[in-house]
Amino acid sequence: MESYKVELGRAKVANQVTEALLTGLKKQAANLKVSDKEREAIIDRMTEQEIGRVSFPPSPRMFASDITEERLFQRMHERGGEYAVLSGEGRPVMDNIMGRYSGKDRTGDGIYLAGVTGDTITRDRVGNENGPEDRIIINPCLNVCVMLQPDKYLEVARHPALRASGALARIRSVWLPSLVGARLEEPEEPGLNGFILEEY
């Protein structure tokens, strides 16, 4: 984790220096006294600086427990397509898959469908002032392991869009029997006495 912090810090500082250099070069290029030839040379230098920006290193964390579909794509892209969604309380995960952030009548299962089957994922967006966003993940590998309460599992299992998309067919669900009243704290501990429990 420490090496990641150092790497991230260096990348941020390097880009701050690049930004400062670009600001200075912009002022030079905007000077009316600069000839066209000199301006072209400045633009070339600015292009070199822009291309030389340092990418931030990916977080060393390889899993998330509550993540939106868009952020999951970014995390997977940073990691060459490999990531995991793991949670001991999977309600938020399933809420996201059922479309909590996807808009009316839409689900968020697209990246999960492609990620668990290894289908290529592309993302093409208009982007921002830096230009359009064009990304691709080839042979993604997404592992999903979440634990759910029975009521939430039944809600997901009855979701018509998830049934139609094949999302539920790709989930290997395991329904474990309840151990309430059956757990023993010590290896040789006797079980509950039914006679004593009768009055309760």
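Observations on the structure shown:
- Checking (1) 20.1; (2) 17.4; (3) 21.8 against Kirkwood radius over Cα pairs in Å calculated from these atoms, the matching label is (3).
- Nearest-ten-degree value, helix 36-51 long axis tilted from longest Cα axis of the chain: 20 degrees
- Between ARG125 and GLU186, the modelled labels are 5.9 nm apart [label points 7 Å from Cα along Cα→Cβ].
- For the range 2-51, a simple Cβ point-charge model (Lys and Arg +1, Asp and Glu -1, everything else neutral) yields a dipole of about 220 debye relative to the Cα centre.
- Virtual spin-label span in nm between ASN31 and THR117, 7 Å along Cα→Cβ: 6.0 nm
- Rounded tilt (10° steps) of 69-78 against the dominant C-alpha axis of the chain: 60 degrees
- Modelled spin labels at SER178 and ASN143, positioned 7 Å past Cα toward Cβ, are 3.2 nm from each other.
- Per-peptide packing, taken as the mean over residues of other Cβ atoms within 10 Å, places 108-114, 51-57, 134-140 in the sequence 108-114, 134-140, 51-57 from highest down.
- Each of the peptides 142-154, 167-179 was scored by the mean count of other Cβ atoms within 10 Å over its residues; in descending order, highest first, they stand as 142-154, 167-179.
Where a number appears in this text, it was derived from the coordinates with a stated rule and is not lab data. All figures in this text were calculated on a predicted structure; none of them were measured in a lab. Neighbour counts are summed over all protein chains in view; Cβ atoms, including those assigned to glycine, are modelled from backbone coordinates with ideal geometry.
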